[in-house]
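Data first, discussion second: the structure below is written as structure tokens.
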Amino acid sequence: MEMAAKYGADTGRLYTLFAAPPEKDLEWSEESIEGAWRFINRVFRLVDRLADSLRDAKSGISTSTSDSEKALLRKTHQTLRRVTLDVETRWHFNSAIALIMDFYNEIHAPLEKAPLEADIRPEIAKHILETLVLMLAPMTPHLAEELWEMLGHKEGLWTVAWPNFDPELARDEEVEIVVQVTDASAPG
């Protein structure tokens with residue numbers, strides 16, 4: 001009860017799911033729960049900073065995207081693919097949370113700039129943040145609901161299905177590497 005009063009229920013839930021798989025005992029760590037609390041606050045501050053400029057934007061992905069947008073969308077859909085597997089199939093919430101934390105770290109810097117300064121259109125930025133919120137929803141439902149509303153949604157998260165990742169967007173870019181093989185025994 002003291003932990004919930006100090007950090008909030010979502011922080012406790014996130015910490016508990018992140019610290020150990022459900023089948024393992026949880027070693028309590030004040031430092032770790034504070035880390036979960038700091039992460040939740042960083043996500044809140046990012047959405048709060050961008051919410052006014054994104055609230056009226058229509059979320060979506062267009063066929064024409066800049067290199068910056070492509071990189072962020074690829075990371076978004078790769079993370080969504082892996083989190084979906086961890087949550088729906090394997091029930092590995094700890095690795096899903098680690099993926100979401102990594103995803104936040106990847107998108108934070110580009111989105112922290114005003115979207116147009118970072119070559120990221122508002123509809124793309126909104127799509128990315130909505131995906132982040134939806135991935136967090138099973139672990140931090142109260143925070144996710146608040147963030148969802150901040151992004152301009154009137155209906156609650158319970159009306160929204162789990163997002164589907166786009167396999168094309170999640171695919172790694174293919175790079176062709178030319179390799180020359182020479183015979184080391186041949187006289188040079």
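The values are calculated or read from the model by the stated rules, or taken from the named source; none is laboratory data. Model, not experiment: these values are computed from the prediction. Heads up, the Cβs are rebuilt from the backbone with ideal geometry, glycines too, and the neighbour counts pull from every protein chain shown. For the accessible areas, the whole protein counts, side chains as well, though only heavy atoms, and no ligand, DNA or RNA atoms are used. Shrake-Rupley method; radii C 1.70, N 1.55, O 1.52, S 1.80 Å.
Have a look at Pro141, Pro163 and point out the one that is at pLDDT 90 or above, more than 29 Å from Ala71 (Cβ to Cβ) and open to solvent by less than 60 Å² (accessible area, probe 1.4 Å).
Just one listed residue meets the conditions, Pro141.
Tell me which residues, restricted to the range 152-182, are under 16 Å from the mean Cα position of the chain (by Cα) and assigned to a helix (DSSP H, G or I).
If the condition is that a residue be under 16 Å from the mean Cα position of the chain (by Cα) and assigned to a helix (DSSP H, G or I), then Leu169, Ala170 are the ones that fit.
Which residues, counting only those in the range 111-134, are open to solvent by less than 20 Å² (accessible area, probe 1.4 Å) and at pLDDT below 90?
Within the range 111-134, Leu111, Pro115, Ala118, Ile120 qualify.
Output the residues belonging to the range 79-101 that are more than 20 Å from Phe39 (Cβ to Cβ) and either crowded, with 16+ Cβ neighbours inside 10 Å or of a type in the set (Ser, Thr, Tyr) (or both).
Arg81, Thr84, Thr89 - these are the residues of the range 79-101 that are more than 20 Å from Phe39 (Cβ to Cβ) and either crowded, with 16+ Cβ neighbours inside 10 Å or of a type in the set (Ser, Thr, Tyr) (or both).
Against the condition free of Cβ contacts under 8 Å to residues at least 12 places away in the same chain and either part of a loop (DSSP other than H, G, I, E, B) or open to solvent by 40 Å² or more (accessible area, probe 1.4 Å) (or both), how does Glu31 come out, does it pass?
yes
Take Ser95 and tell me if it is within 25 Å of Thr16 (Cα to Cα), of a type in the set (Gly, Ala, Ser) and out of contact with any His (no Cβ under 7 Å at 6 or more places or on another chain).
Answer is yes for this residue.
Among the residues of the range 128-151, are any farther than 30 Å from Ala20 by Cβ, over 12 Å from the mean Cα position of the chain (by Cα) and in contact (Cβ under 8 Å) with a residue 60 or more places away in the chain?
Yes, the conditions are met somewhere in the range 128-151.
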